[in-house]
Amino acid sequence: MTGTDTRDLAALGPRLPSPLQEVADERFGRRGVRLLLKRDDLVHPELVGNKWRKLAPNLAMADGRTVVTFGGAYSNHLRATAAAGRLLGLSTVGVVRGQELAGRPLNASLARCAADGMRLHFVDRATYRRKTEPETLAALLNAVDAEDAVVVPEGGSNAEAVRGCRALGEELGEHADVVALACGTGGTLAGLAAGLPPGRRSLGIPVLKGGFLADDIRRLQIRAFGGLRGAWSLDDRFHYGGYARTTPELDSFAEDFEHRHGLPVERVYVAKMLHALLTLTEESAFPRGTTLTAVITGRPFP
């Protein structure tokens, strides 16, 4: 394949719109809340959930060029980009946070990236923090011999990705009063909120500490749409210690949810979001009669 366009992506057979599944859970039901799951984890077996929605518009611009992107040692985004490169015949490079990892055996996540043909380039954390600065980015692209590459930001969140995620809100339409999802870089929430009809709102559950995400989402919407769009909010209480961190309470909740509903619960993002929704429901945050939709953005790895 010498180029990439929307026909190449369509040939991968994404399941769009993704299914909407109602679950009977008395913990929500006794509060008068109806719970739906937006099964974006079923969009594609390798480009799962919001990774498809965010990557597809970026990959459509590649036109055969190398795709360079960024992530940590356990990045879902790096794995999805590597898989897309294999499926579409594109060269991919992953710039990985943590120079100390270069001399160690690859973990399962990075090993999957390498098996899919991604070249891994490890950088120290100070350089990684400056990766968006023009001089630092130019030096990184030179180091991986990809000066003319298509650069996709960490988490895949840029204006193209945000516009791609708008379809998520459009698919849900009038089916939900409140739509919730876990947030890393904020791109999916920025697009989702823009796609929902008036009178519906989206709720983001950040999985990282820091309280910085609201400003990032505003910037992404301005870049994508020229201004702010839709009704959205964040609840920062449910990061459980930070990215990829967990607690015995969270693990117990996820295992119980799996047992109740037969849904494998991804721990880094989805478990935190679902547990947040149960906590908020028990706090009476949603009026009786609310239809609440949880976006399932991924599934457990490996």
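What number of residues in region 231-285 are free of Cβ contacts under 8 Å to residues at least 24 places away in the same chain, in contact with a Ser or Thr (Cβ under 9 Å, 6 or more places away or on another chain) and under 24 Å from residue 190 (Cα atoms)?
The total comes to 1.
For the condition surrounded by 24 or more Cβ atoms within 10 Å (Cβ to Cβ) and either over 11 Å from the mean Cα position of the chain (by Cα) or free of Cβ contacts under 8 Å to residues at least 60 places away in the same chain (or both), what is the one hit in 179, 151? Talk me through it step by step, then tell me what you get.
Values: 151 fails: surrounded by 24 or more Cβ atoms within 10 Å (Cβ to Cβ).
Among 179, 151, only 179 is surrounded by 24 or more Cβ atoms within 10 Å (Cβ to Cβ) and either over 11 Å from the mean Cα position of the chain (by Cα) or free of Cβ contacts under 8 Å to residues at least 60 places away in the same chain (or both).
Please specify each residue of region 94-113 satisfying the condition of being small (Gly, Ala, Ser), in contact (Cβ under 8 Å) with a residue 24 or more places away in the chain and surrounded by 13 or more Cβ atoms within 10 Å (Cβ to Cβ).
Of all residues in region 94-113, those small (Gly, Ala, Ser) come to 94, 98, 102-103, 108-109, 111.
Applying the additional criterion that residues be in contact (Cβ under 8 Å) with a residue 24 or more places away in the chain yields 94, 98, 108-109.
Scanning region 94-113 gives 94, 98, 109.
Just the residues that are touching a Lys or Arg at 6+ places or on another chain (Cβ under 8 Å) and either at positive phi or hydroxyl-bearing (Ser, Thr, Tyr) (or both), please, taken from region 185-216.
188 - this is the single residue of region 185-216 that is touching a Lys or Arg at 6+ places or on another chain (Cβ under 8 Å) and either at positive phi or hydroxyl-bearing (Ser, Thr, Tyr) (or both).
Of everything in region 70-93 that's touching a Leu at 6+ places or on another chain (Cβ under 7 Å) and open to solvent by less than 10 Å² (accessible area, probe 1.4 Å), which residue is nearest to residue 155 (Cα to Cα)?
71
Among 169, 241, which is loosely packed, with under 14 Cβ neighbours inside 10 Å and over 13 Å from the mean Cα position of the chain (by Cα)? Outline the logic, then answer.
On the way: 169 fails: loosely packed, with under 14 Cβ neighbours inside 10 Å.
Just one listed residue meets the conditions, 241.
Is there a residue being open to solvent by less than 40 Å² (accessible area, probe 1.4 Å), part of a helix (DSSP H, G or I) and more than 23 Å from residue 117 (Cβ to Cβ) anywhere in region 28-36?
Yes, because at least one residue in region 28-36 is open to solvent by less than 40 Å² (accessible area, probe 1.4 Å), part of a helix (DSSP H, G or I) and more than 23 Å from residue 117 (Cβ to Cβ).
Hey, among the residues in region 221-234 that are surrounded by fewer than 16 Cβ atoms within 10 Å (Cβ to Cβ) and not hydroxyl-bearing (Ser, Thr, Tyr), which one's nearest to residue 276 (Cα to Cα)? Outline the logic, then answer.
Keep residues of region 221-234 that are surrounded by fewer than 16 Cβ atoms within 10 Å (Cβ to Cβ), which gives 222-223, 226-228, 231, 233.
Retained after the next criterion (residues that are not hydroxyl-bearing (Ser, Thr, Tyr)): 222-223, 226-228, 231.
Numbers: 222: 28, 223: 29, 226: 31, 227: 29, 228: 25, 231: 19 Å.
Of everything passing the filter in region 221-234, 231 is nearest to residue 276 (Cα to Cα).
Here are 298, 227, 289, 242: which of them is assigned to a loop (DSSP other than H, G, I, E, B), closer than 24 Å to residue 160 by Cβ and either modelled with pLDDT of 95 or more or in contact with a Leu (Cβ under 7 Å, 6 or more places away or on another chain) (or both)?
Details: 298 fails: either modelled with pLDDT of 95 or more or in contact with a Leu (Cβ under 7 Å, 6 or more places away or on another chain) (or both); 289 fails: closer than 24 Å to residue 160 by Cβ; 242 fails: closer than 24 Å to residue 160 by Cβ.
Exactly one residue qualifies, and that residue is 227.
Being outside any helix (DSSP H, G or I) and without any contact (Cβ under 8 Å) to a residue 40 or more places away in the chain is the requirement here; does residue 219 meet it?
Values: outside any helix (DSSP H, G or I): no; without any contact (Cβ under 8 Å) to a residue 40 or more places away in the chain: yes.
The answer is no for residue 219.
Suppose the filter is over 25 Å from the mean Cα position of the chain (by Cα), closer than 11 Å to residue 73 by Cα and not aromatic (Phe, Trp, Tyr); does residue 139 pass it? Full working, then the answer.
Details: over 25 Å from the mean Cα position of the chain (by Cα): yes; closer than 11 Å to residue 73 by Cα: no; not aromatic (Phe, Trp, Tyr): yes.
It is false that residue 139 is over 25 Å from the mean Cα position of the chain (by Cα), closer than 11 Å to residue 73 by Cα and not aromatic (Phe, Trp, Tyr).
Of the conditions (1) at pLDDT below 95; (2) of a type outside the set (A, V, I, L, M, F, W, C); (3) surrounded by fewer than 24 Cβ atoms within 10 Å (Cβ to Cβ), residue 39 fails just one. Which one is it?
(1)
Does region 57-93 hold any residues that are in contact (Cβ under 8 Å) with a residue 60 or more places away in the chain and of a type in the set (Val, Ile, Thr), and which are they?
Answer for region 57-93, where residues must be in contact (Cβ under 8 Å) with a residue 60 or more places away in the chain and of a type in the set (Val, Ile, Thr): 66, 67, 68, 69, 81.
Just to be sure before I move on: is residue 247 surrounded by fewer than 21 Cβ atoms within 10 Å (Cβ to Cβ) and closer than 19 Å to residue 207 by Cα in the structure I sent? Break it down into steps so the answer makes sense when it comes.
Working: surrounded by fewer than 21 Cβ atoms within 10 Å (Cβ to Cβ): yes; closer than 19 Å to residue 207 by Cα: yes.
In short, yes.
So is residue 266 among the acidic types (Asp, Glu) and open to solvent by 70 Å² or more (accessible area, probe 1.4 Å) or not? Steps first, answer last, please.
Details: among the acidic types (Asp, Glu): yes; open to solvent by 70 Å² or more (accessible area, probe 1.4 Å): no.
It is false that residue 266 is among the acidic types (Asp, Glu) and open to solvent by 70 Å² or more (accessible area, probe 1.4 Å).
The values are calculated or read from the model by the stated rules, or taken from the named source; none is laboratory data. On a predicted model such as this, the values are computed, not experimentally measured, just so you know. Neighbour counts run over all protein chains shown; Cβ positions are idealised from the backbone, glycine included. Ligands, DNA and RNA are stripped out before the accessible areas are found, and what is left, the full protein with its side chains, is counted by its heavy atoms. Shrake-Rupley method; radii C 1.70, N 1.55, O 1.52, S 1.80 Å.
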